[in-house]
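Input: a single structure, listed below in structure tokens.
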């Protein structure tokens, strides 16, 4: 039985964890910094790129969309486990990370919205 989208999710997750670990080491933190979020962005980018190039079959694309929709609640649940008050007392790094994340998300949403083709509203003249 094929598990559509699972292999792509697994590759994106492994790359995200690896990049999160490397980012943590680069920042001097002994932790994974944003690995799950990076994996989600990689999954979105891979789906978008595969759709444009025609690499994903319809069933595979449905599977990727399913995993992407399921992945968001997992990321939220993992983020809720973090101690926000301790992070804020840690200094300006937490504030800089929050501002950067919000700006990056706003830029991604803006980019995606500009790429979507919107059909013009039909006007009925009577």
Review point. Is there a residue in region 17-30 that is loosely packed, with under 13 Cβ neighbours inside 10 Å and at pLDDT below 80?
Key: no
query: Just to be sure, is residue 3 modelled with pLDDT under 85, surrounded by fewer than 15 Cβ atoms within 10 Å (Cβ to Cβ) and out of contact with any strand residue (DSSP E or B) (no Cβ under 8 Å at 6 or more places or on another chain)?
result: yes
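The values are calculated or read from the model by the stated rules, or taken from the named source; none is laboratory data. Model, not experiment: these values are computed from the prediction. So basically every Cβ, Gly included, is an ideal-geometry build from the backbone, and we count neighbours across all protein chains shown.
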